[in-house]
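**Student:** Here it is: the structure, laid out below.
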Amino acid sequence: MTPRARAVGVAAALAVALVLPLFVSNFRLFQFTQVGVYAIALLGLNVLTGYNGQISLGHGAFYALGAYTTAIMIDRWDVPYPLTIIAAGVLCLVAGFLFGIPALRLEGLYLALATFALALAIPQILKYFEHWTGGSQGIVLSKPNAPWGLKLSPDQWLYFVTLGVLVALFVLARNLLAGRTGRAIVAIRDNPIAAQAMGVNTALYKSLTFGVSAAYTGVAGGLSALVIAFVAPDAFNVFLSITLLVGIVIGGLASISGALFGALFIQFVPNWAQDISKAAPWAIYGVFLILFMYVMPRGIAGALRLALARAGRRGTGTRA
Amino acid sequence: MSASRQPILAVRDLTVRFGGIVALDGVSFDVAEGQVVGLIGPNGAGKTTLFNCLSRLYTPQRGDVRFRDRSLLALPPHRIADLGIGRTFQNLALFPTLTVLQNVMIGVHSRTRSDFLSNALRLPWVGREEAEIRERARELLAFLDLTAVAAHPAAGLPFGTLKRVELARALAGAPALLLVDEPAGGLNHEEVAVLAALLRTIRERRGVTILLVEHHMGLVMPISDNVVVLDFGRKIAEGRPAQVQRDPEVIRAYLGVDEPVQAR
């Protein structure tokens with residue numbers, strides 16, 4: 001029942017995603033592209049925090065690194081944008097891996113603080129290297145046109161690019177987490193000493209997981225630079241890092257689909273809050289947060305899983 | 001005599017200090033291939049410390065541990081399993097959120113080699129490896145009568161069941177030497193008898209050498225070929241179970257000088 005239900009769910013979500021551009025305005029579509037971008041970043045953070053148990057309050061820094069890699073490569077050297085996205089991923093893979101090595105000495109809240117420092121520092125570092133980053137002014141890009149004579153607006157084209165990257169990265173993450181490597185990643189979270197006794201090189205796995213996580217978030221950052229066609233330091237402040245953490249918790253820790261649900265939340269709930277009250281949108285947002293955590297303590301993905309299991313049990317119950 | 005056989009494990013002059021406390025004081029003994037060796041001693045005698053040296057969780061200040069004539073002290077903890085040494089933990093160290101089957105599948109980690117890239121790309125040989133891992137784990141679940149709980153998360157199962165899951169996980173790495181830390185703890189009388197039979201089967205059918213830390217004399221004495229007795233970090237006796245049981249030094253350590261002899 002469960003694998004079948006999952007396959008149906010994935011197929012339905014893909015079908016909706018493919019026809020969505022026909023039914024929504026360009027602005028709405030832009031928002032959904034953002035959802036896709038966030039979903040990639042959240043999946044990266046979830047691999048690290050949800051599956052491997054390393055808390056990061058600084059993934060906004062890798063998002064920024066990815067965004068600026070793409071922006072600078074296009075702005076300075078006119079590099080074709082698909083290459084810049086790959087470069088953003090590779091650079092963040094290396095940066096994440098290297099950050100993961102000293103992070104081995106830190107556990108739980110101490111690691112959270114160390115990554116928090118990264119998030120705090122990044123906007124100022126970006127401003128400091130003004131020659132490359134354009135300082136506070138940032139870098140303005142132009143959105144790429146659809147290739148091969150496709151009759152798509154740039155926003156529509158970027159939507160499909162993001163969707164393609166999202167699907168590819170979700171499949172890779174699923175494969176990674178379903179096999180020997182994924183079991184080891186989770187084993188380290190559950191009991192690092194036992195994992196070691198089973199032959200898991202915990203130090204290597206943790207740094208590699210950090211690298212993979214940062215790479216996902218970096219690709220998301222690179223895509224965001226294209227989608228928004230603009231990067232500026234203050235878009236990558238501490239609040240972004242916290243928002244990403246909110247996304248994985250609301251969406252569902254250690255859940256692949258949770259990244260998508262979390263992305264929908266962090267994209268649309270602030271807007272709803274704004275619609276409800278212009279004066280105190282963050283208070284409304286806070287109420288939403290508490291409400292979600294109260295009603296779905298295991299995130300949206302966890303709540304769905306529970307509901308499906310209940311429905312399944314009821315189904316077999318009536319048949320029996 | 002057992003001494004004529006090649007020792008699979010040789011502990012030499014092992015000394016571990018924590019601050020001013022000497023946990024192990026120059027302990028030496030051999031484990032011959034195919035034997036069951038019982039490591040006994042009162043609480044705090046240094047048994048678990050010795051185990052933790054064997055799995056490289058502690059580094060001794062002095063002495064050596066050689067497995068098939070290779071020093072373990074030069075290796076990091078995660079390399080011990082693929083040498084052929086498996087272990088269970090006194091207070092259970094399972095992966096609570098994973099299923100029983102997945103727990104046992106991690107036991108095969110040291111015998112397999114797919115990595116981040118090949119897993120993410122799901123290369124054809126990775127699929128075959130995964131099938132082999134699953135097969136091996138299922139076989140062990142059947143052997144330890146765990147098939148019924150295969151899909152159950154490890155958290156929330158009865159203690160005795162979890163002990164068997166740990167054994168299955170340790171055996172999944174196809175060890176030549178199995179370190180078993182207090183397997184009888186928390187088990188009732190019948191369960192201990194079942195466990196004794198199980199350990200014998202593991203030794204006889206799977207050819208696994210067993211080093212057993214245990215308090216429960218009813219388990220250690222019948223199944224051990226050799227018994228090593230520790231007290232306050234020193235080896236005070238070694239020999240066949242019947243010999244050791246008569247040893248006045250052992251009786252004193254366990255029971256105090258004038259107390260009558262009891263099973264525990």
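**Student:** Please calculate how many Å² of accessible area the range B:95-188 carries per residue, with a 1.4 Å probe and no DNA, RNA or ligand atoms counted.
**Tutor:** Working: 3760 Å² over 94 residues.
Result: 40 Å² per residue.
**Student:** With every protein chain left in place, what is the accessible area per residue of chain A in square angstrom, probe 1.4 Å? Before the final figure, lay out each step's value.
**Tutor:** Numbers: 15120 Å² over 320 residues.
With all protein chains present, chain A gives 47 Å² per residue.
**Student:** State whether the range B:58-202 is rounded, prolate or oblate according to the following rule on the C-alpha gyration tensor (a ≥ b ≥ c being the square roots of its eigenvalues): a/c under 1.5 gives rounded; otherwise a/b larger than b/c gives prolate, and the remaining case gives oblate.
**Tutor:** On the way: a/c = 1.88, a/b = 1.05, b/c = 1.80.
Here the range B:58-202 falls in the oblate category.
**Student:** Okay, next question. Between A:VAL167 and A:GLU130, what is the FRET efficiency for a Förster distance of 51 Å, r being their Cβ-Cβ separation, to the nearest 0.05?
**Tutor:** On the way: r = 37 Å, r/R0 = 0.73.
Calculated transfer efficiency: 0.85.
**Student:** What is the ratio of the Cα radius of gyration of the range B:61-127 to 2.2 N^0.38 Å, with N the residue count, to two decimals?
**Tutor:** On the way: Rg = 15.7 Å, N = 67, 2.2 N^0.38 = 10.9 Å.
Taking N as the residue count of the range B:61-127, the ratio is 1.44.
**Student:** Let me ask you something else. Among residues other than A:ALA232 whose Cβ falls under 14 Å from its Cβ, what is the net charge (Lys/Arg +1, Asp/Glu -1)?
**Tutor:** On the way: positive: A:LYS127; negative: A:ASP75, A:GLU130, A:ASP234.
My count for the surroundings of A:ALA232 gives -2.
**Student:** I would also like to ask the following. Mind telling me which of B:GLY173, B:GLY160, B:GLY46 comes out most flexible in a GNM of chain B, alpha-carbon contacts under 10 Å?
**Tutor:** Greatest mean-square fluctuation among the candidates belongs to B:GLY160.
**Student:** So how strong a dipole does the range A:178-320 carry about its Cα centre when Lys and Arg Cβ are +1 and Asp and Glu Cβ are -1, to the nearest 20 debye?
**Tutor:** On the way: 11 positive and 3 negative charges, 162 e Å.
With only Lys, Arg, Asp and Glu charged at Cβ, the dipole is about 780 debye.
**Student:** Charges at C-beta only: +1 for Lys and Arg, -1 for Asp and Glu. How large is the resulting dipole of the protein assembly as shown about its Cα centre, in Debye rounded to 20?
**Tutor:** Values: 51 positive and 36 negative charges, 231 e Å.
Dipole about the Cα centre, nearest 20: 1100 debye.
**Student:** Dipole of chain B (Lys/Arg Cβ +1, Asp/Glu Cβ -1, origin at the Cα centre): which of B:LEU73, B:TYR254, B:GLY20 lies farthest to the positive side?
**Tutor:** Checked the options; the winner is B:LEU73.
**Student:** Next question, about the same structure. Tell me, what is the Rg over Rh of chain B, with Rh the Kirkwood radius over Cα pairs?
**Tutor:** Values: Rg = 19.1 Å, Rh = 19.3 Å.
In chain B, Rg relative to Rh is 0.99.
**Student:** In bins 20 Å wide, starting from 0, what share of all Cα pairs of the protein assembly as shown does each bin hold, as a percent?
**Tutor:** Distribution as computed: 18, 43, 27, 11, 1 percent.
**Student:** Can you spot the lysines whose alpha carbon is less than 27 Å from A:LYS127's alpha carbon? Ignore those fewer than 8 places along the same chain.
**Tutor:** Of all the lysines, those that pass the test against A:LYS127 - Cα under 27 Å, at least 8 places apart if same chain - are A:LYS143.
**Student:** Still on this structure, I have one more. Just to be sure I understand the interface: list residues from the range B:94-134 that lose 30 Å² or more of accessible area between the chain on its own and the complete protein assembly, 1.4 Å probe.
**Tutor:** With the partner chains in place, the range B:94-134 has these residues losing at least 30 Å²: B:PHE95, B:THR97, B:LEU98, B:ILE106, B:HIS109, B:SER114, B:PHE116, B:ASN119, B:ALA120, B:ARG122, B:GLU130.
**Student:** Per residue of A:185-193, count partner chain C-beta atoms within 10 Å of its C-beta, then hand back the mean as an integer. It would help to have the intermediate numbers written out before the result.
**Tutor:** Values: counts 1, 5, 9, 1, 3, 10, 10, 1, 6.
That works out to 5 on average.
**Student:** Can I ask one more? Taking Cα atoms of the range A:32-88, Rg/Rh with Kirkwood Rh, to two decimals? Intermediate results must be reported in sequence, preceding the final value.
**Tutor:** Values: Rg = 13.2 Å, Rh = 12.4 Å.
Reported Rg/Rh (Cα atoms, Kirkwood Rh): 1.06.
**Student:** For a bin width of 10 Å, list the pair-distance distribution of the range B:136-264 built from all Cα-Cα distances, rounded to whole %.
**Tutor:** 11, 39, 31, 14, 5, 0
**Student:** Using a 1.4 angstrom probe on heavy atoms only, work out the carbon and sulfur share of the accessible area of the protein assembly as shown in %. Intermediate values should be presented prior to the final figure.
**Tutor:** Working: 16610 of 26880 Å².
Carbon and sulfur: 62 percent of the exposed surface of the protein assembly as shown.
**Student:** What whole number of Å gives the distance from the Cα centroid of the range A:77-145 to the Cα centroid of the range B:94-156?
**Tutor:** A separation of 36 Å, based on Cα centres.
**Student:** Can you give the extra length, in nm with one decimal, that the chain gains between B:ALA74 and B:ALA148 once fully stretched, where that is 0.36 nm per residue apart less the Cα-Cα distance? Could you put the intermediate results ahead of the total?
**Tutor:** Numbers: separation 74, 0.36 × 74 = 26.64 nm, distance 4.11 nm.
Computed gain between B:ALA74 and B:ALA148 is 22.5 nm.
**Student:** Then there's this: Checking the a/c ratio against 1.5 first, then a/b against b/c, what shape does the Cα gyration tensor give for the range A:3-316? Each step should come with its number before you reach the end.
**Tutor:** Working: a/c = 1.42, a/b = 1.11, b/c = 1.27.
Taking the square roots of the gyration eigenvalues as a ≥ b ≥ c, the range A:3-316 is rounded.
**Student:** Interface B/A, total buried accessible area with a 1.4 Å probe, nearest 100 Å²? Mind dumping the intermediate values first?
**Tutor:** Numbers: alone 13060 and 16440 Å², together 26880 Å².
Using a 1.4 Å probe, the pair buries roughly 2600 Å².
The values are calculated or read from the model by the stated rules, or taken from the named source; none is laboratory data. The shown structure was predicted, so the numbers you read here are calculated from the model rather than taken from an experiment. No Cβ is skipped: glycine too gets one built from the backbone with ideal geometry, and neighbour counts run over all protein chains shown. Ligands, DNA and RNA are excluded from the accessible area calculation, which covers all protein heavy atoms including side chains. Shrake-Rupley method; radii C 1.70, N 1.55, O 1.52, S 1.80 Å.
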